[in-house]
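Asks: The structure's right below; bear with me while I get my questions together.
Quick note: the coordinates plus some simple rules give every number you see, no bench work behind them. Note that the coordinates shown come from a computational prediction; the quantities given were computed from them, not determined experimentally. All Cβ positions, even for glycine, are placed from backbone atoms using ideal geometry, and neighbour counts span all protein chains on display.
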Amino acid sequence: MLGTVYKELVQNRFFLLCGLFLPPLVYAAAVLMGLIMKAGAGFTWTDFFSGFLADGVLFRIVPVVLLAAYFGMRLLAAGVFSQDESRRKSVMMAAVPDGTARQIYGKYVVVFMACALFFVSALFTDSFFCWIVFCTTGEMTPQLQPLLILMFFVQMFLRSFDFPFIVRFGTKYGKYVLMLFFILAAVACIVTLLYVPVFDKIIGAIWDWCSRLMNGELEEEALFILSAFPLTAIAAYLISYRISCKLWLKGVAHYE
């Protein structure tokens, strides 16, 4: 397994570097946008950060740009699989003892490491940036640590759905098959909602529960969901790995 992981690390070093350096670039871009909007005569860093915090622009810009960076990481994650989409190499790898498990294991580990690097880098950058603002203005900024933790596990949870489709149908068609799957699922839910009265009541109950949750009426339930989600995301990622191992050789038949 270690040899395959090392091969994936070398082969996908750009992906790992993106996970490491994207968060500082995100914060630098947010500050640059603020400079463009607020720089003028008599400019001082204290006035800049105080003004930036007063209207809440910084706290709105950074999460949006971080979400865009996470989307970019998702596109790069697909490249981890596309680099080995060769029938000859895949068949040779499958001939090795536990070759299928090794091939998929290395890719899942690299994607997890890249997302973990992104999380750690974003956490460090956010803390460093908050320290700079505090030293400059004496004001405490809203830290994004809870949001970053949630985004990390959401990323793992979403990738657990993506990868089996990529493995089975390839990076070229996998995203379209996944999209078609969600469209058919949405259509099935709509049809069921229209023609099955019991289902309508279930949806109404779920919607009422979600409304109460968003209004802060179910704090204990919300804490339970947030505490259970990381375990759910990790379990989904591990199950996705096992599914991908079962589907890989079926996908190899479509490689060139």
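Asks: How big is D for region 134-191, in µm² s⁻¹ as a whole number, if Stokes-Einstein is applied with the Kirkwood radius of its Cα pairs at 4 °C and 1.567 mPa s? Write down the numbers at each step before the final one.
Replies: Working: Rh = 14.5 Å.
Once the numbers are plugged in, D ends up at 89 µm²/s.
Asks: A further question follows. Could you sort the peptides 126-134, 106-114 by per-residue average Cβ neighbour count (10 Å cutoff), highest mean leading? List each step's numbers first, then the result.
Replies: Values: 126-134: 16.2, 106-114: 21.6.
Highest to lowest by the protection proxy: 106-114, 126-134.
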